[in-house]
Amino acid sequence: MSFTILVSALIWIVYLLIEKIRVVVARKKIPHVIHVNGTRGKSSVCRLIEAGLRNGGMRVFCKTTGINPTTIDVDGEERIIPRKGCANIKEQVEILCKASKQNVQILVVECMAVRPELQHVTQHSILRADICAITNVRRDHTDVMGESLQEIADALSNTIPRNGILFTTEEAQTQILKNVADRLCCRFVPVQPDDDEQTFDFSENIALALAVCEYLGVEREKALAGMKRYKRDPFALSLYRWGKALFINALSVNDIQSTHIVWETLSNEYDLNDKRLVILMNNRPDRGSRTRDMTAVCEALQPNEIWLMGASRIYVRRKLKNKLPNTVVKMWSSAEAIPSEEIEQDKVIFAIGNIANDGLAIMRRVREEGTEFVR
């Protein structure tokens, strides 16, 4: 028995050494690696950076995570990464190796780790990015990152590179990020959106991506021209005309602050404040804290109706009826269960919570039956 254990241990050690060598060799072949982190907007910023650099003539490889983890190779071909099980940071090793084989100049990678210790391993043992972009610090994944914004900022700072450069559009938790950057001898660059920033995405995302592209030698106008044609994440914020209703897909937004920002931005842009508001809230069974947060959003916005899908419908309905006794609360067992007459009215359906499971189903139905707005 002891001999078998010894042989197994030796095989495992050899495997780890081989993996370490693969990572080191692959990383040496790539001049720059950009690690994008933050609470919201990571995928969009990755895609914006990729588009800006590509338009500037760079050989760039990009990888985003989420419902459908996706790569964009040096030829601009977009491919979904097949996963056999749960997400695992070892996926980043394969991305690093794949990018190095394509002789890229720049690899853009979205942070896929949530736990602080795994963020640290991804940055300092696998990717060893020399550039980090942190979009923002907002309250999400509180079960593993901590309840306070200060704790979440500490968690996100695990991807700040040693002897590298950090760009961020975060404002409130700037000092925490700067302190970590200083400790790692990392240059700290705060980024402010311009007043005349473009409107094809959130101004903070565009400003952050532009700052990274300009640092790497791409002229602002050249980068911006590429970004205007960027390939949006298929589940990013989007608007549809669905029947007579306006459907806002904010299912990937997730945290309280970002959800309020999205509603305030779009309600002002499209003059929605006087429309009949329906909040469609889709919940996941493994995201209890997010269900609580989205319930708070419902209480704050005080919609005319609330439609519940996914997990915890009965619990949430009971809670909402206590807080909002005059609001109509309906529960749908599936996306297909929503009657067509519900969308044949002039109303705004604001979909929040989670994109997974029933969220994907409702988006399939909306895309089949509706027409997307181009912002």
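Miscellaneous remarks
- Close pairs from segment 73-88: first surrounded by 13 or more Cβ atoms within 10 Å (Cβ to Cβ), partner among the aliphatic types (A, V, I, L, M), Cβ under 7 Å, at least 6 apart: VAL74/VAL60; VAL74/VAL104; GLU78/ILE72; ALA87/MET112
One line per residue, one yes/no per condition, for (1) among the basic types (Lys, Arg); (2) part of a helix (DSSP H, G or I); (3) over 30 Å from GLY52 (Cα atoms):
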| residue | (1), (2), (3) |
| --- | --- |
| LEU239 | no, no, no |
| SER252 | no, no, no |
| GLN257 | no, yes, no |
| TRP263 | no, yes, no |
| ASP271 | no, no, yes |
| ALA296 | no, yes, yes |
| GLU299 | no, yes, yes |
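Condition check ((1) part of a helix (DSSP H, G or I); (2) in contact with an Asp or Glu (Cβ under 7 Å, 6 or more places away or on another chain)) across all residues:
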site: ASN103; (1), (2): no, no
site: ALA113; (1), (2): no, no
site: ALA129; (1), (2): no, no
site: CYS132; (1), (2): no, no
site: VAL137; (1), (2): no, yes
site: ASP140; (1), (2): no, yes
site: ASP143; (1), (2): yes, no
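- Within segment 174-193, tally of residues that are within 27 Å of THR259 (Cβ to Cβ) and either crowded, with 22+ Cβ neighbours inside 10 Å or of a type in the set (Ser, Thr, Tyr) (or both): 2
- Qualifying residue in segment 301-321 (condition: in a loop (DSSP other than H, G, I, E, B), touching a Lys or Arg at 6+ places or on another chain (Cβ under 7 Å) and not β-branched (Val, Ile, Thr)): yes
- Any hit, segment 88-100, residues being charged (D, E, K, R) and either assigned by TED's automatic domain parsing to the domain that holds GLY359 or under 21 Å from VAL212 (Cβ atoms) (or both): no
- Among the residues of segment 330-361, those identified as β-branched (Val, Ile, Thr) and either closer than 20 Å to TYR315 by Cβ or modelled with pLDDT under 95 (or both) are ILE338, ILE343, ILE352, ILE355.
- Subset of segment 171-204 [at pLDDT below 95 and in a helix (DSSP H, G or I)]: SER203, GLU204
- Taken as a whole, the structure places ARG318 among residues that are without any contact (Cβ under 8 Å) to a residue 24 or more places away in the chain and not assigned by TED's automatic domain parsing to the domain that holds HIS141.
- For segment 89-132, filtered to residues that are more than 17 Å from the chain's Cα centre (by Cα) and of a type in the set (Gly, Ala, Ser), the residue that is surrounded by the fewest Cβ atoms within 10 Å (Cβ to Cβ) is SER125.
- Restricting segment 143-158 to residues that are touching a residue at least 12 places away in the same chain (Cβ under 8 Å), closer than 19 Å to GLU171 by Cβ and of a type in the set (S, T, N, Q), the residue that is surrounded by the fewest Cβ atoms within 10 Å (Cβ to Cβ) is GLN150.
- Residue within segment 277-300 that is over 21 Å from the mean Cα position of the chain (by Cα), on the phi < 0 side of the Ramachandran plot and basic (Lys, Arg) present: no
- Verdict on ALA99 being in a strand (DSSP E or B), touching a residue at least 40 places away in the same chain (Cβ under 8 Å) and among the small types (Gly, Ala, Ser): no
- First in segment 323-348 and more than 11 Å from ILE306 (Cα to Cα) and in the same structural domain as MET363 (by TED's automatic domain parsing), second anywhere and of a type in the set (Phe, Trp, Tyr) and surrounded by 11 or more Cβ atoms within 10 Å (Cβ to Cβ), Cβ under 9 Å, 6 or more apart: ILE338/TRP307; ILE338/TRP332; GLU342/TRP307; ILE343/TRP242; ILE343/PHE247; VAL348/PHE247; VAL348/TYR270
- ARG54 being more than 24 Å from ARG187 (Cβ to Cβ), of a type outside the set (Asp, Glu), in the same structural domain as PHE167 (by TED's automatic domain parsing) and touching a residue at least 60 places away in the same chain (Cβ under 8 Å): yes
The values are calculated or read from the model by the stated rules, or taken from the named source; none is laboratory data. All figures in this text were calculated on a predicted structure; none of them were measured in a lab. Reconstructed Cβ throughout: ideal geometry from the backbone, glycine too, with neighbour counts over all protein chains shown.
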